[in-house]
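Q: Let me begin by handing over the structure; questions about it come next.
The values are calculated or read from the model by the stated rules, or taken from the named source; none is laboratory data. Quick caveat, the model's predicted, so the values are computed rather than measured. No Cβ is skipped: glycine too gets one built from the backbone with ideal geometry, and neighbour counts run over all protein chains shown.
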Amino acid sequence: MFAYINGILEDYDLENAVIDVQGVGFNVKISTDTASRLPGIGEMVKLYTYTLVREDAFQLYGFLSRNDLQIFKQCITVNGIGPKGALAILSTLDADSLRFAIMSGDAKAIAKAPGIGARTAERLILDLKDKITIDDTLINKEINQYATANMRADSAEKQEAVAALVSLGYGQSEAMKAVNSIENIEDMDSGAILKAALKHIF
């Protein structure tokens, strides 16, 4: 019904944003990832929306990019995952991290979303794996960043740290995301990288 909402950000929290469009306030459900990337209160914002219409509900779900909205729509096609569950997943993993988790079969990372169990995560991977392509949005950057063929001098140390995290029970995509979030990693050995990544996870 609504392709997007474009207006002034009146208020927001980790689950909702209020967008003022010419004096009318629209309450839009958002993920925590979207909340973390919103502009300041009083600034203009454009949210691409999915409209849920039921007998007892009329709800808008908003995303800062078509990329985010697309993966949300793909998630809700999976049996057992409704809009609330899809938003929970996208509050745990951003759109590109979710795509990477699907492509790599990392059910453990997806199952960390509230209300999403291991079986549902595995079903999501099974249903969407063939629908997620290498050309989707920024996934090329995600894969190139994590590829074992990376020839930078620090690649071996990073790979060792990722392998150590996986052996400790963390998902592949979670481990790689933690390692790649570390600043000034060039001067660190694998042990130091591992310690820093664990601090980031916790």
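Q: So which residues in segment 59-102 are among the aromatic types (Phe, Trp, Tyr) and over 19 Å from Ala118 (Cβ atoms)?
A: Tyr61, Phe63, Phe72
Q: Would you list the helices (runs of 4 or more DSSP H) that sit entirely within segment 139-180 and hold 3 or more residues that are within 19 Å of the chain's Cα centre (by Cα) and at pLDDT below 80?
A: 139-146, 172-180
Q: Could I ask something else about it? Filter segment 50-66 for residues that are closer than 13 Å to Asn16 by Cβ and over 16 Å from the mean Cα position of the chain (by Cα) and give the result.
A: Gln59, Leu60
Q: If you don't mind, another one. Would you please name the residue that is surrounded by the fewest Cβ atoms within 10 Å (Cβ to Cβ), looking only at residues in segment 123-138 that are out of contact with any Ser or Thr (no Cβ under 9 Å at 6 or more places or on another chain) and modelled with pLDDT under 75?
A: Only one residue fits best here, namely Asp135.
Q: Could I ask something else about it? Can you pull out the residues in segment 181-196 that are part of a helix (DSSP H, G or I) and either over 14 Å from Ala164 (Cα atoms) or of a type in the set (Phe, Trp, Tyr) (or both)?
A: Ile185, Glu186, Asp187
Q: Go through segment 111-126 and count every residue that is over 14 Å from the mean Cα position of the chain (by Cα) and basic (Lys, Arg).
A: Adding up the residues that qualify gives 2.
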